[in-house]
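Each remark here refers to the structure printed beneath this line.
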Ligand SMILES: Cc1ncc(C[n+]2csc(CCOP(=O)(O)OP(=O)(O)O)c2C)c(N)n1
Ligand SMILES: [Mg+2]
């Protein structure tokens, strides 16, 4: 039986003591084990940043890609071998700035993978520049007079693209986060989980106590994940109260099945058929 220990790595960790990335790493390992997924059956594609280091601290297949490029690489991996459990992991800068374009299209295509965004509302690795989710008014190294623009709303953005799973977790609520990650892993299609993740060094505004005073569970409060318009209106809340939980769950066809067909074998299992392409590249035949 697979256990959390199967995912343990003894690589030295360079996150700050108290970083909100630690509980996410712990919950992810537990969730994969809980779903009975072995390390060799999973691939984690990660971006650049403190969040992007996550799979380095696990024993699992990993691909650490260019900044913002997790989703195209993860999409390619899923198309080449759809039997693989594919995850993508990165920060709010990685996913919403450098990789924002890819987020739109992976969600729209409903690529069958689970995408965790460690949203600390700051560029952590590069020491505190404003990110797309930095709140208006926040003072950062690049916004010394306060951020003049409102933050991006990742939940509303992704809901508008209607992938099969849209959720928000919080690093300070491991029980709920485990539920979200496990549901995301189980549910076919693009499972998007924005995770509020305190950065204890470079974000002195959105701290553990700031989030803890505001978060509440929308599903406990009665929100039905099949209610898309209810999800849109909850997604507008940010401030005194911050909604967490499953906003939306849908059942659109997933990308690799739309392209390859429902019962297709993974590409890597197919025999090469050079005769079928020889007419296009005669110089090679
Ligand atoms: C193309 C490119 N642009 C900029 C950088 C510099 N850079 C490295 S990490 C980072 C920001 C990371 O922020 P985020 O994705 O929020 O991750 P965090 O460190 O906060 O977890 C930037 C701008 C880079 N490595 N590559
Ligand atoms: Mg960040």
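The values are calculated or read from the model by the stated rules, or taken from the named source; none is laboratory data. Since we're looking at a predicted model, the values are computed, not measured. Glycine gets a Cβ as well: all are built from the backbone with ideal geometry, and neighbour counts include every protein chain shown.
Key figures for this structure:
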read-out	value
Count of residues meeting criterion [near ligand 1 (Cβ under 9 Å from one of its atoms) and over 24 Å from residue 242 (Cα atoms)] in region 92-126	4
Output for region 187-198, where each listed residue is over 23 Å from residue 133 (Cβ atoms) and touching a strand residue (DSSP E or B) at 6+ places or on another chain (Cβ under 7 Å)	187, 189
Qualifying position, being touching a residue at least 24 places away in the same chain (Cβ under 8 Å), under 22 Å from the mean Cα position of the chain (by Cα) and over 30 Å from residue 144 (Cα atoms), among 267, 177, 157, 260	177
Residue 222 vs. criteria under 21 Å from the mean Cα position of the chain (by Cα), at pLDDT 95 or above, on the phi > 0 side of the Ramachandran plot and not in a helix (DSSP H, G or I)	no
Selection within region 253-267 - touching a helix residue (DSSP H, G or I) at 6+ places or on another chain (Cβ under 9 Å), at pLDDT 95 or above and part of a loop (DSSP other than H, G, I, E, B)	254
Count of residues meeting criterion [more than 16 Å from ligand 2 (Cβ to nearest atom), surrounded by fewer than 19 Cβ atoms within 10 Å (Cβ to Cβ) and more than 20 Å from residue 42 (Cα to Cα)] in region 79-102	1
Leading residue by the ranking (nearest to ligand 2 (Cβ to nearest atom)) among those in region 103-135 that are assigned to a helix (DSSP H, G or I) and surrounded by fewer than 20 Cβ atoms within 10 Å (Cβ to Cβ)	104
Scope region 241-264; condition farther than 30 Å from residue 168 by Cα and surrounded by 11 or more Cβ atoms within 10 Å (Cβ to Cβ); matching residues	260, 264
Exclusive hit being modelled with pLDDT of 95 or more, over 21 Å from residue 29 (Cα atoms) and in contact with a strand residue (DSSP E or B) (Cβ under 7 Å, 6 or more places away or on another chain), set 124, 184, 146	124
Unique match (being free of Cβ contacts under 8 Å to residues at least 60 places away in the same chain, more than 13 Å from ligand 1 (Cβ to nearest atom) and buried (at least 19 other Cβ atoms within 10 Å of the Cβ)) among 71, 25, 32	71
Close pairs from region 42-53: first within 12 Å of ligand 2 (Cβ to nearest atom), partner in a strand (DSSP E or B), Cβ under 6 Å, at least 6 apart	47/90; 49/91; 51/90; 51/91; 51/118; 52/46; 52/90
